[in-house]
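Down below is the structure, laid out as structure tokens.
Nothing in this text is a laboratory measurement; each read-out follows from the coordinates by a stated rule. Every value quoted in this text rests on a predicted model; they were computed, and no experiment measured them. Methodologically, a virtual Cβ is constructed for each residue, glycine included, from the backbone with ideal geometry; neighbour enumeration extends over all protein chains shown.
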Amino acid sequence: MDGAAKTGGVQLQPQLIPEPQAVSQAARDYLNTPFWAGERERIDPDDLKAWRAAIDQVAETFAPLSAMMLSQSNASVEKADVGGVTVYVATPKGMAAPDEDKAHIYIHGGGWAFMGGEACAGQGAAQAGRLGYRTWSVDYRYPPFHRFPAALDDCVSVYRELLKTHLHEDIVNSGGSAGGNLTAAAGLRIRDEGLPWPAALGLMTPCTDGAMISDTVSVNDQLDFLKAATMAEFWAVYAGGHDRQDPYLSPVYGDYSKGFPPTLLQTGTRDLLLSDTVRLHRAMRRGGVEAQLHVWEAMPHGGFGGAAPEDAELTSELKRFFSAHLGRKRG
């Protein structure tokens, strides 16, 4: 490894990264599986026809998985209009009595543009089945047909509507990747609009900085399934020409000293957005927020596909965190 003083960086020699030995066999198997986000051709942010075709293709590709998630989730799902936003409401079968008045708002990932519709329903059902809370899975408007802040507006609208039927201390919000971005940004908007906060937030491998200056965007680019070029494409199509340092777009630039809900942040050592997650955690801690950072060994962006012991452990941590805060009144 040679220093590259002229460029201010470090030049790495080609090397083989061995299979991680400190994770489960299921996790190792997942790391040897190709992932669509690193293989798809790049699309111009303004090419609506190409984006429509790509979104439809991804939906078709994931349709069997979405159907399986619905059938195996141990939750029933109904499509609803909540505050003018399409939402899939997933109710766990055999839900514990103390959890019947609780509400979980789930915001799906997929680069903002992908994983809506049936995939959104499947993810909501899976979340409800795992966590045991009735889950409102938000099928927000997506780019390039609806750019920032349309998706964020939808997420805040759903929360505002649920406040009419639930105590704010009985609501928790979570999301992964682009959904983690929206969950954090919605937390800022909820605070700034003077609405009562949800009990807690869960941010799973969130993308937090549209400027893409985080260290692991470069360091983990060849390790993760999610590639920097793909992430740059997602940011471009979602943000359009908007200022990337707007905290509602890039939550890492938010002022957390004004207060913020308790937050659990999760990432992994092979996650392209490890540094995005670490930086947001530090921003929250500097602002005095009750925030936990959980980093999993060798975990890529989005976890190990849901079937590894590490994925179950993550669910347990999130459930424990939410349980500790739900129903807790703040002064």
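The C-alpha radius of gyration of the chain, expressed as a fraction of 2.2 N^0.38 Å, stands at 0.95.
The stretch between Arg285 and Ala150 holds 45.7 nm of extra length on full extension. This uses 0.36 nm per residue minus the Cα-Cα distance. Comparing mean-square fluctuations of Leu163, Leu226, Leu48 from a GNM of the chain with C-alpha springs under 10 Å, the top value falls on Leu48. Here Lys93 is the anchor, and the lysines within straight C-alpha reach of less than 19 Å, apart from those fewer than 8 places off in the same chain, are Lys79, Lys102, Lys319. Listed by Cβ neighbour count within 10 Å, with the fewest neighbours leading, Lys258, Lys102, Lys227, Lys164 appear as Lys164, Lys258, Lys227, Lys102.
Taken as entire DSSP H runs, the helices of the chain that both span 24 Å or more between Cα atoms along their own long axis and average 0.5 or more on the Kyte-Doolittle scale are 48-71. Compared with the alpha-carbon gap, the fully stretched path from Gln15 to Met95 is longer by 23.8 nm at 0.36 nm per residue.
At an R0 of 45 angstrom, the distance between the Cβ atoms of Glu60 and Gln245 translates into a FRET efficiency of 0.80. Residues Thr91, Thr263, ranked from the fewest to the most other C-beta atoms within 10 Å, line up as Thr91, Thr263. Report note on the peptides 119-126, 186-193, 278-285: ranked by the mean count of other C-beta atoms within 10 Å, highest first, their order is 119-126, 278-285, 186-193.
Please work out the FRET efficiency for the pair Ser76 and Lys49, using the Cβ-Cβ distance as r and a Förster radius of 30 Å; give the result to the nearest 0.05. Display every interim value, and only then the final one.
Numbers: r = 37 Å, r/R0 = 1.23.
So the FRET efficiency works out to roughly 0.25.
Look at Ser71, Ser76, Ser174, Ser214 and count the other Cβ atoms within 10 Å of each Cβ; fewest to most, that gives Ser71, Ser76, Ser214, Ser174. Computed extension length for Asn32-Ala324: 101.5 nm, one decimal, from 0.36 nm per residue of separation with the Cα-Cα distance subtracted. Per-residue packing, averaged as other Cβ atoms within 10 Å, sorts the ranges 287-294, 304-311, 244-251 into the order 244-251, 304-311, 287-294, beginning with the highest. Sorting the segments 53-60, 201-208 by their residues' average number of neighbouring beta-carbon atoms within 10 angstrom, most packed first, yields 201-208, 53-60.
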